[in-house]
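Visitor: Right, I'll just put the structure down here and ask away after.
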Amino acid sequence: MAENLDVAIIGAGPYGLSVAAHLSGRRMSTFGEPMETWRTRMPPDMRLRSDWKETSLSAPAEAGTIDRWTREVGEEREEPIPLQKFLRYADWFHRTFAPEGNPSNVVSLDRAATGYRLTTAAGDEIDAGSVIVAVGAIPFGHAPPPFADALSDSITLATEMQESDYERYRDRRVVVVGGGQGGLESAALAGEAGADVELVVRSQLRWFADREPHRPRGRLRQRLYRIAYPVVGYGPPPLNRLALHPDVFALFPKPARRLLSERILRAGGSPWLRSKVERTVRVSEGLAVEAIEQNGAVRLHLSDRSVREADAVIVAAGFRFSLDRLGFLSPDLRSRIAVEDGWPVLDRWFRSTEKGVLFVGFAAEHRFGPIARFIPGTRFTANRISEALTH
């Protein structure tokens, strides 16, 4: 007999765990290994770009902050925050506020007589009244032309690679396409693994200024900094303030929301990564890949009419949401979820047009703006979901 839940949360990253914490007391479970993407897809020595106080997952009454964790376990505040420290904090949050979880991934989701039926990779069957999709951005790695029809063993999306995968590139020629954080991290990992790496970027490579809040400043300069940058990672002032007000962002027309997101979240690299890239990677700026040949080696024809030959190509061209990437959705359920410019149409409660299926995290960026993709958005999202399922 299938297990019965009030709420099933597909995904156990920052958004899945935060929503689960706010639904404590209900028959509820997350599905998937907690923080799996962060453990397997990120450079192990990565440092988070977010400010210390913006890196707290959300629990009721602000009980799960990273400051509380440091007090309880005796860890020291450290900035920029090392990934491994953040993962220790997330493990504590999971154990303390969201322990109800099934580590198996959901492989199918369909409508049932009273709600929805989920099946996991382990063969478990679960009935749930509501389903929250919190899968993050990783499933939606974008392959623009001409890569969309050329993905193969030699041409790979950066989002599909784990940190251990880069070892296979030792002594091989690797071209990384894309100048955002993902492309720079992939290039650095391939270089550290012993590959001959070239990074190809359509425009000029941009490094974010080292304006971290923890840098020593006088009282006046710190106050001015906080006025200009109320949240780290978004810019420029004053547009970055819109990231803190998702309901205001949602009031803008669709074209304006798209342009605002592109400007507030410009592609570039974090300062901690710069020395790694400059030490091991050749950078070619202002070039686009126009055609691809695959015959043993990969030949990339670039916009300046030059050609690059490589043993492997890694594509890091950002993310683009698509319901088709959610392979667990049944065709019937997918047909009931309306999309707009590829994004799910959501109401202010994160509900899709299939009212029992809610989307949080990256999937909600089209409506609520850039904060929906990152940890600072967990508080707004988890509180709003709790309200939606309570009332």
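The values are calculated or read from the model by the stated rules, or taken from the named source; none is laboratory data. Everything numeric here is computed off the predicted structure, so don't read it as measured data. All Cβ positions, glycine included, derive from the backbone under ideal geometry; neighbour counts span all protein chains shown. Heads up: the accessible areas ignore ligands, DNA and RNA and are worked out on the full protein's heavy atoms, side chains in. Shrake-Rupley method; radii C 1.70, N 1.55, O 1.52, S 1.80 Å.
Visitor: Count, please, the residues in segment 334-377 that happen to be hydroxyl-bearing (Ser, Thr, Tyr) and either under 18 Å from Gly11 (Cβ atoms) or assigned to a strand (DSSP E or B) (or both). Before the answer, list the steps.
Guide: Applying the first criterion (hydroxyl-bearing (Ser, Thr, Tyr)) to segment 334-377 yields 335, 352-353.
Going one step further and asking which of them are either under 18 Å from Gly11 (Cβ atoms) or assigned to a strand (DSSP E or B) (or both), we end up with 352.
Of the residues in segment 334-377, 1 are hydroxyl-bearing (Ser, Thr, Tyr) and either under 18 Å from Gly11 (Cβ atoms) or assigned to a strand (DSSP E or B) (or both).
Visitor: If the Cβ limit is 6 Å and pairs must be 6+ apart or interchain, which residue in segment 73-84 that is of a type outside the set (Val, Ile, Thr) pairs with which residue that is surrounded by fewer than 16 Cβ atoms within 10 Å (Cβ to Cβ)?
Guide: Listed pairs, sorted by first residue: Glu79/His214.
Visitor: Let me ask something additional. Of the residues Asp6, Asp45, only one is in contact with a strand residue (DSSP E or B) (Cβ under 8 Å, 6 or more places away or on another chain), modelled with pLDDT of 95 or more and either in a strand (DSSP E or B) or open to solvent by 10 Å² or more (accessible area, probe 1.4 Å) (or both); which?
Guide: Asp6
Visitor: Then there's this: Only one of (1) in a loop (DSSP other than H, G, I, E, B); (2) in contact (Cβ under 8 Å) with a residue 60 or more places away in the chain; (3) within 22 Å of the chain's Cα centre (by Cα) is not met by Pro236, so which one is it?
Guide: The failed condition is (2).
Visitor: Sticking with this one: Filter segment 297-321 down to the residues that are touching a helix residue (DSSP H, G or I) at 6+ places or on another chain (Cβ under 7 Å) and in a strand (DSSP E or B), then identify the one that is nearest to Pro237 (Cα to Cα). Break it down stepwise before answering.
Guide: Within segment 297-321, the first condition is being touching a helix residue (DSSP H, G or I) at 6+ places or on another chain (Cβ under 7 Å), and the residues that meet it are 312, 314-316, 319-321.
Next, only the ones that are in a strand (DSSP E or B) stay: 312, 314-315, 319.
Numbers: Ala312: 39, Ile314: 33, Val315: 31, Phe319: 24 Å.
This residue is Phe319.
Visitor: Residues being in contact (Cβ under 8 Å) with a residue 60 or more places away in the chain and either farther than 18 Å from Ser50 by Cβ or touching a Ser or Thr at 6+ places or on another chain (Cβ under 6 Å) (or both): count how many of those fall in segment 85-123.
Guide: Keep residues of segment 85-123 that are in contact (Cβ under 8 Å) with a residue 60 or more places away in the chain, which gives 90, 93-94, 97-98, 100-111, 115-118, 120.
Filter again for either farther than 18 Å from Ser50 by Cβ or touching a Ser or Thr at 6+ places or on another chain (Cβ under 6 Å) (or both), leaving 94, 97-98, 100-111, 115-118, 120.
Looking only at that region, the number is 20.
Visitor: Would segment 65-74 turn up any residue that is in contact with a Phe, Trp or Tyr (Cβ under 7 Å, 6 or more places away or on another chain) and within 23 Å of Ala372 (Cα to Cα)? Spell out the reasoning first.
Guide: Step one: of segment 65-74, the residues in contact with a Phe, Trp or Tyr (Cβ under 7 Å, 6 or more places away or on another chain) are 66, 69, 73.
Going one step further and asking which of them are within 23 Å of Ala372 (Cα to Cα), we end up with 66.
Yes, there is a match, as at least one residue in segment 65-74 is in contact with a Phe, Trp or Tyr (Cβ under 7 Å, 6 or more places away or on another chain) and within 23 Å of Ala372 (Cα to Cα).
Visitor: Go through segment 352-389 and report how many residues are of a type in the set (A, V, I, L, M, F, W, C), over 17 Å from the mean Cα position of the chain (by Cα) and open to solvent by less than 10 Å² (accessible area, probe 1.4 Å).
Guide: 3
Visitor: Additional query: Among the residues of segment 279-296 satisfying the criterion of being without any contact (Cβ under 8 Å) to a residue 40 or more places away in the chain and assigned to a strand (DSSP E or B), which is farthest from Gly268 (Cα to Cα)?
Guide: Quick first cut of segment 279-296, residues without any contact (Cβ under 8 Å) to a residue 40 or more places away in the chain only: 293, 295-296.
Still in the list and also assigned to a strand (DSSP E or B): 293, 295.
Working: Glu293: 28, Asn295: 32 Å.
Filtering segment 279-296 for residues that are without any contact (Cβ under 8 Å) to a residue 40 or more places away in the chain and assigned to a strand (DSSP E or B), the one farthest from Gly268 (Cα to Cα) comes out as Asn295.
Visitor: Give segment 240-260 a look and list any residue that's in a helix (DSSP H, G or I), surrounded by 14 or more Cβ atoms within 10 Å (Cβ to Cβ) and not basic (Lys, Arg), or say none.
Guide: Asn240, Leu242, Ala243, Leu244, Pro246, Phe249, Leu260 - these are the residues of segment 240-260 that are in a helix (DSSP H, G or I), surrounded by 14 or more Cβ atoms within 10 Å (Cβ to Cβ) and not basic (Lys, Arg).
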